Number of protein chains: 2
Amino acid sequence: MYPEFNHSIPRRKFIGDLSKTAAGLAVLGWQPGHLSLTVQQVMDLVLKEGNLSRIADTVDTLKTGHAAQPVTGIITTMFPTINVIQEAIKHKANFIIAHEPAFYNHKDDKGWVKDNGVLRQKLAMIDKHQIVIWRFHDYCHALQPDAVSYGVARKAGWERYYKTGQLSLTIPAISLKQLAQHLKTSLGISQVRVIGDLAQSCTRIALMPGAWGGQRQVNAVETEKPDVLIVGELSEWETAEYIRDANLLGQKKGLIVLGHSVSEEPGMEYFAEWLRPKLPGIKVTHVSSNDPFTWL
Amino acid sequence: MYPEFNHSIPRRKFIGDLSKTAAGLAVLGWQPGHLSLTVQQVMDLVLKEGNLSRIADTVDTLKTGHAAQPVTGIITTMFPTINVIQEAIKHKANFIIAHEPAFYNHKDDKGWVKDNGVLRQKLAMIDKHQIVIWRFHDYCHALQPDAVSYGVARKAGWERYYKTGQLSLTIPAISLKQLAQHLKTSLGISQVRVIGDLAQSCTRIALMPGAWGGQRQVNAVETEKPDVLIVGELSEWETAEYIRDANLLGQKKGLIVLGHSVSEEPGMEYFAEWLRPKLPGIKVTHVSSNDPFTWL
């Protein structure tokens with residue numbers, strides 16, 4: 001039996017496991033196609049290949065299923081929605097690696113809302129098909145480069161401007177309106193929300209896909225001094241009002257809100273590419289979560 | 001000198017103040033037009049006329065200025081943006097009663113982000129014009145009826161369906177798409193985000209303008225069992241994903257996201273109407289904060 005992937009595993013034991021599993025795969029002449037890896041072995045491999053140190057208090061735990069289950073296929077995605085789970089079933093892939101929660105709250109606490117009927121129905125589907133869900137959030141951002149910001153920069157055609165470890169990048173001057181249009185086109189987003197002078201010139205960009213929280217978003221604008229802040233989502237009473245006031249005070253600070261899921265999706269797409277050659281015996285498929293909203 | 005309006009004022013002293021100020025206004029034959037009320041007197045009057053018990057740990061404190069300052073005019077609004085402050089200056093009104101924070105975080109902590117240049121510029125404008133800002137959030141929702149939900153229901157033409165103290169109301173059947181269009185038109189909103197089957201019939205509505213947080217939003221859907229949840233804003237990884245999954249699982253649960261500021265604005269508009277006849281000597285003007293976003 002493999003231990004559950006949680007922070008109760010002491011570091012020494014974890015390293016020991018690695019040498020028996022993932023590390024052993026390549027070194028000990030593992031041949032693809034005839035060996036079924038377990039969930040635990042895949043997780044170990046990701047951490048080893050990513051040179052990732054264990055994070056003590058991470059949300060990146062198994063949300064459903066067991067670490068000892070043999071993996072029949074891997075789906076990467078942003079949110080393990082019902083659609084994504086159905087796609088996994090179609091692909092006969094029983095292991096979903098998702099960037100965001102399965103149960104509608106950061107810690108995936110199933111008791112967050114009492115008698116949650118939607119959650120109950122979702123769990124029944126997951127149990128029936130023995131789907132294992134691993135949240136891959138903190139480790140994903142800890143990769144060098146951060147898989148999400150790198151994946152987004154790459155998909156936006158900014159790979160040459162991207163510097164590992166830096167929040168901001170400098171691109172050739174473009175108007176705020178053109179930048180918003182470019183992001184819609186390159187990332188495949190139907191609509192975005194913008195604050196600022198659409199004609200203002202943008203060259204320095206603070207790229208913060210996902211939901212970093214108002215304090216970090218506002219702090220990034222104050223310290224990085226970008227022309228424009230790009231986020232996945234925000235609290236309107238925090239970052240949006242700060243940017244609105246900044247512009248009313250004559251400071252040219254643009255803001256583009258992409259939507260959470262679509263803002264980080266290129267990161268999990270990139271992660272699938274990263275993972276694929278490391279697991280030649282297992283099919284790794286990226287399934288997009290897409291924007292949940294219809295804009296009317 | 002009047003004490004600052006904060007929770008360090010003992011209840012007995014507060015009641016004593018009331019009897020000297022607001023309560024005295026009507027009873028003791030106060031004549032409009034020749035007496036300048038202080039900020040403290042106006043706040044006391046609001047609490048007295050609203051039958052509001054003091055809330056121990058409220059965010060409804062003075063964010064700028066002093067309680068002893070004589071009031072030259074009152075502006076009600078959702079967010080005390082730079083625009084709203086400029087309007088106040090134009091109206092020669094030095095007292096802004098705002099539903100939401102002035103400084104981009106719930107507690108209006110000025111040190112939330114270090115060396116915040118936008119905040120510094122805003123404070124300089126406020127100081128120069130001696131504008132007093134009172135946040136009127138918790139008390140606003142504590143009014144009977146809750147000024148916000150009542151104000152929104154009234155503006156949407158649902159006054160006859162509104163019941164004080166109830167989160168949900170039942171309206172004549174309407175499709176989700178028509179409902180979204182109706183809210184855009186009646187509340188003056190340019191664009192909304194929707195999840196669900198646009199053709200589904202809606203009659204039971206959970207009306208939650210503003211940002212109640214995912215836990216309360218999801219809990220409301222589970223316990224009130226509405227056809228549609230209407231919110232101001234949400235965390236996408238919480239309520240939006242829950243509603244998306246619900247629909248994918250065959251449950252008809254619509255969601256309409258109005259935007260924070262525009263979703264509660266009718267509440268502060270209603271509050272201005274409520275306050276006006278109680279302060280015949282002071283001009284009370286509602287200034288809309290409006291949607292900060294351009295939708296592209």
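Annotations for the structure displayed:
- Calculated label separations, residue B:58, copies of the chain, 7 Å along the beta-carbon direction, nm: 4.6
- Size of the A/B contact, given as accessible area buried on both chains, probe 1.4 Å, in Å²: 5600 Å²
- The listed residues A:260, A:141, once ranked by accessible area (1.4 Å probe) with the largest placed first, stand as A:141, A:260.
- Translational diffusion of the range B:173-295 was estimated from the Stokes-Einstein equation, with Rh taken as the Kirkwood radius over Cα pairs; at 20 °C and 1.002 mPa s the coefficient is 139 µm²/s.
- Rounded to 5, percent antiparallel among DSSP beta bridges of the range A:147-260: 50 percent
- Residue by residue along B:89-96, Cβ atoms of other protein chains within 10 Å of the local Cβ number 0 on average.
- Estimated 222 nm signal from helices in chain B, with DSSP H stretches of n ≥ 4 weighted -39500 (n - 2.57), rounded to 500: -11000 deg cm²/dmol
- The range A:114-260 - Debye-derived log10 I(q)/I(0), Cα point model, q = 0.12, 0.14 Å⁻¹: -0.56, -0.71
- For residue B:62, the amide hydrogen comes within under 5 Å of the amide hydrogens of B:5, counting only partners 5 or more places away or on other chains and with H modelled in the peptide plane.
- Counting 0.36 nm for each residue step from residue A:72 to residue A:296 and taking away their Cα separation leaves a gain of 76.6 nm.
- Viscosity 0.692 mPa s, temperature 37 °C, Stokes-Einstein D of chain B from Kirkwood C-alpha radius, µm²/s: 161 µm²/s
- What separates the residue B:117 label point from its copies, with the point 7 Å along Cα to Cβ, is 5.3 nm, written shortest first.
- Across the identical copies, the 7 Å label point of residue A:138, projected outward along Cα→Cβ, sits 3.3 nm from its counterparts, in ascending order.
- Counting only heavy atoms of the protein chains and using a 1.4 Å probe, residue B:270 has close to 40 Å² of accessible surface.
- For the range A:63-199: rounded, prolate or oblate by the Cα gyration tensor [a/c cutoff 1.5]: prolate
- Loop sites here are trypsin sites (Lys or Arg not before Pro) outside DSSP states H, G, I, E and B with no more than 16 other Cβ atoms within 10 Å. The longest part of chain B free of them is B:164-251.
- Neighbouring Cβ atoms from other chains, within 10 Å of the Cβ of residues in B:70-79, number 1 on average.
- From the C-alpha gyration tensor of the range B:133-209, square roots of 5λ in Å: 24, 15, 10
- Shape category assigned to the range B:187-232 from the gyration tensor of Cα positions, a/c cut at 1.5: oblate
- The mean number of partner chain beta-carbon atoms within 10 angstrom of a residue's beta-carbon across peptide B:104-114 is 4.
- DSSP beta bridges in chain B [antiparallel fraction, %, rounded to 5]: 35 percent
- Considering only beta bridges that DSSP places wholly inside the protein assembly as shown, some 40 percent are antiparallel.
- Restricting the calculation to Cα atoms, the protein assembly as shown shows an Rg/Rh of 1.02 when the hydrodynamic-style radius is the Kirkwood one.
- Pairs from B:122/B:283; A:107/B:177; A:163/B:122; A:90/A:278; A:252/B:107; A:184/B:225 whose Cα-Cα separation, in the structure shown, is over 28 Å: A:107/B:177; A:163/B:122; A:184/B:225
- Alpha-carbon centroids, the range B:210-283 and the range A:200-238: separation in whole Å: 25 Å
- Volume of the convex hull of the range B:115-178 (Cα atoms only), normalised per residue: 176 Å³.
- Shape call, the range A:31-111: gyration tensor on alpha carbons, a/c limit 1.5: oblate
- Mean separation of Cα contacts under 8 Å, 6 or more apart, over the residue count of the range B:151-265: relative contact order %: 29 percent
- Each residue was assigned an accessible area with a 1.4 Å probe, and for residue A:294 the value is about 50 Å².
- Principal axis box of the range A:249-291, alpha-carbon based, largest edge first, Å: 58, 19, 7
- Residues with amide H under 5 Å from that of residue B:175, placed H, sequence gap 5 or more: B:202
The values are calculated or read from the model by the stated rules, or taken from the named source; none is laboratory data. Predicted model only: the values in this text are computed from it and were never measured. Heads up, the Cβs are rebuilt from the backbone with ideal geometry, glycines too, and the neighbour counts pull from every protein chain shown. Please note that ligands, DNA and RNA were not included when accessible areas were found on the heavy atoms of the full protein model with its side chains. Shrake-Rupley method; radii C 1.70, N 1.55, O 1.52, S 1.80 Å.
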